[in-house]
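**Q** If you scroll down you'll find the structure; I have some questions about it.
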Amino acid sequence: MGCSDQKCGCGNSNELVSLQLKVPANDYGCKTPSNDPVPTSKPYIIGGIETRAGEIPQISARLDWKDYLGAFKVRWGIRRDQYRVDPGLYAVGIPNDRSDIFVTANYKFSFDLVRKNLNGVNAWLLVLDTKGVNVWCAAGKGTFGTKELVRRIQLTSLDKVVIHRRLILPQLGATGVAAHLVKEVSGFTVIYGPVRATDIPAFVQANYKASKEMRRVKFDWYDRLKLVPNDIIYNMRYLLTMLIVISVLSGINANGYSMQQALRNIVPIAKIVAAGYIAGIVFTPLLLPYIPTRNFSFKGLILGAIVSMLLFLNHSLDGGLMVNFAEIFFISSFSSFLAMNFTGASTYTSLAGVKKEMKIAIPVQVIFGAIAVMLLVLEIAI
Amino acid sequence: MERLRYFSEVLTLDLIQEKCNNCGMCVKVCPHEVFELKDKKVRIIGRDFCMECGACKRNCPQGAIVLDVGDGCGCAAGIIQGAFNGTAPTCGGPDKGTCCN
Ligand code: SF4
Ligand code: SF4
């Protein structure tokens, strides 16, 4: 459920579920809140609840501006690695030994989404150590998995905290967790809740039944829009590499090499690279369902071609006709490559499919790039 | 909204009717409504939408689901990263990676 915002299509892990019944306490080197004094430095911790397993930190179900600021930073890729929560058990409201237990990942974004949607409910929140990765991706890697869940149940003495034996997991955790094995080893029954944390109240109201709607992963316009900032930042390395490489090469002329020429070319080249970048990273994701073909790289190619043609018709491309054609080929190829990378952020691609796509797409991108280079060489030679 | 599909020719999903006890677990965990439970029988109704996440296979107590879950994610960036490192497709670890945050 915490995964509802940022997700990749990760779905696979070759984790061997070797279940151990006896786990040495704290073998992860992690602090389990139930065994340690309540840490006070965490702003979301507002108190403690006494249980048979000791005092459990109580957390606020209201997010403050710092949480929102943090979420904003995560979107823009700033200090994302530090955005983790200590794994362990937490209390929301004033839960008792009959209260529900919700399970989530220790990615702060997931954690925040769940506690926000538990506002007004008395419940336990069990946070697994997923190394700061969201539920779905962690489930794909196996860190949000059967083994970690069983271990965390034991480390937090969950069987002492509550008298029932039910856990509510985000449905997307199912990729890593085998409900029947959890039951076998720990005695706890896994109930899969909704995909999105925002559906938690409705799910509880509906007597712990997730409707069809709640179980389906969507990937609508807004979901895709939210991924854009992160992709802009993440792919910056491609943008800069392209800009530098092409600018340096652009110094070559019929008489050899001119540094001044290269420097003069930086701005027009930046324009071209940016056009491909925006076509592949902003336009393709946003227009995803409306572009014909299922192929991401082809979608990117189409949009790259459209954008560059529009620029061309608008007389916004610099240079002669030959250079313009080179630019069109380059923008299309670059956009195609970037769009292909969006497969990971989408929610419906399979590994086999992406491999198949790449087998055709990469050669096409290389050929397009080569055509652009050839046109430029011709321009110089002529 | 119109549902997005990806390539279906390369999918490996199958359900072995003889092993299945129609418990409905796969229906509950699938994020793309690939299965349906009707008249106490489970069957595949949307194979094209499968993204090979592996949730159904992992949660089937009968081992009735055939799925060749590959080593890695349906993510081109991850495959490229893996090719660079000489490993299986990787998301670049929790600290990097475009998607797995
Ligand atoms: S989870 Fe397995 S046994 Fe249960 S309905 Fe699905 S295929 Fe059949
Ligand atoms: S692998 Fe995932 S998407 Fe495919 S049928 Fe199973 S649960 Fe559904």
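**Q** Could you run through segment B:15-31 and say how many residues are more than 9 Å from ligand 1 (Cβ to nearest atom) and surrounded by fewer than 20 Cβ atoms within 10 Å (Cβ to Cβ)?
**A** Residues that pass the stated criteria total 1.
**Q** Based on this model, can you work out whether A:Asp112 counts as on the phi < 0 side of the Ramachandran plot, at pLDDT 95 or above and in the same structural domain as A:Tyr192 (by TED's automatic domain parsing)?
**A** no
**Q** Hey, any hits in segment A:254-274 for a residue that's under 25 Å from the mean Cα position of the chain (by Cα) and under 30 Å from B:Glu52 (Cβ atoms)?
**A** no
Table: residues versus (1) surrounded by 18 or more Cβ atoms within 10 Å (Cβ to Cβ); (2) outside any helix (DSSP H, G or I).
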site	(1), (2)
A:His315	no, yes
A:Asp318	no, yes
A:Asn341	yes, no
A:Pro363	no, no
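**Q** Considering only segment A:122-144, I want to know if a residue exists there that is open to solvent by 10 Å² or more (accessible area, probe 1.4 Å) and within 18 Å of A:Ser99 (Cα to Cα).
**A** Yes, there is a match, as at least one residue in segment A:122-144 is open to solvent by 10 Å² or more (accessible area, probe 1.4 Å) and within 18 Å of A:Ser99 (Cα to Cα).
**Q** All but one of (1) assigned to a loop (DSSP other than H, G, I, E, B); (2) away from chain B (no Cβ under 12 Å); (3) of a type in the set (Val, Ile, Thr) hold for A:Val377; which doesn't?
**A** For A:Val377, the exception is condition (1).
**Q** Within segment A:191-208, which residues are surrounded by 13 or more Cβ atoms within 10 Å (Cβ to Cβ) and either of a type in the set (Gly, Ala, Ser) or over 27 Å from A:Thr349 (Cα atoms) (or both)?
**A** Across segment A:191-208, the qualifying residues are A:Gly193, A:Ala197, A:Pro201, A:Ala202, A:Phe203, A:Val204, A:Ala206, A:Tyr208.
Yes/no matrix, rows are residues, columns are (1) of a type in the set (Val, Ile, Thr); (2) at pLDDT below 90:
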| site | (1), (2) |
| --- | --- |
| B:Glu2 | no, yes |
| B:Tyr6 | no, yes |
| B:Glu9 | no, yes |
| B:Thr12 | yes, yes |
| B:Asn21 | no, no |
| B:Met25 | no, no |
| B:Val29 | yes, no |
| B:Leu37 | no, no |
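**Q** The conditions are (1) modelled with pLDDT under 85; (2) more than 10 Å from ligand 2 (Cβ to nearest atom), and B:Val69 fails exactly one of them. Which is it?
**A** With (1) modelled with pLDDT under 85; (2) more than 10 Å from ligand 2 (Cβ to nearest atom) applied to B:Val69, the lone miss is (2).
Residues checked against (1) part of a helix (DSSP H, G or I); (2) in contact with a strand residue (DSSP E or B) (Cβ under 8 Å, 6 or more places away or on another chain); (3) not assigned by TED's automatic domain parsing to the domain that holds A:Arg84:
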{"site": "A:Ile101", "(1), (2), (3)": "no, yes, no"}
{"site": "A:Thr104", "(1), (2), (3)": "no, yes, no"}
{"site": "A:Lys116", "(1), (2), (3)": "yes, no, no"}
{"site": "A:Gly120", "(1), (2), (3)": "no, no, no"}
{"site": "A:Val127", "(1), (2), (3)": "no, yes, no"}
{"site": "A:Gly132", "(1), (2), (3)": "no, yes, no"}
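**Q** What's the total number of residues in segment A:222-245 that are of a type outside the set (D, E, K, R), in contact (Cβ under 8 Å) with a residue 60 or more places away in the chain and in a helix (DSSP H, G or I)?
**A** So the count comes out to 8.
**Q** Same structure again: Regarding segment A:259-266, can at least one residue be identified that is touching a helix residue (DSSP H, G or I) at 6+ places or on another chain (Cβ under 8 Å), under 30 Å from A:Asp199 (Cα atoms) and in a helix (DSSP H, G or I)?
**A** No - not one qualifying residue is present in segment A:259-266.
The values are calculated or read from the model by the stated rules, or taken from the named source; none is laboratory data. Computed from a prediction, not measured in an experiment: that's the story for all the values here. Using ideal geometry, Cβ is built from the backbone for each residue, glycine included, and neighbour counts are taken over all protein chains shown. The accessibility values were calculated without ligands, DNA or RNA, using every heavy atom of the protein model including side chains. Shrake-Rupley method; radii C 1.70, N 1.55, O 1.52, S 1.80 Å.
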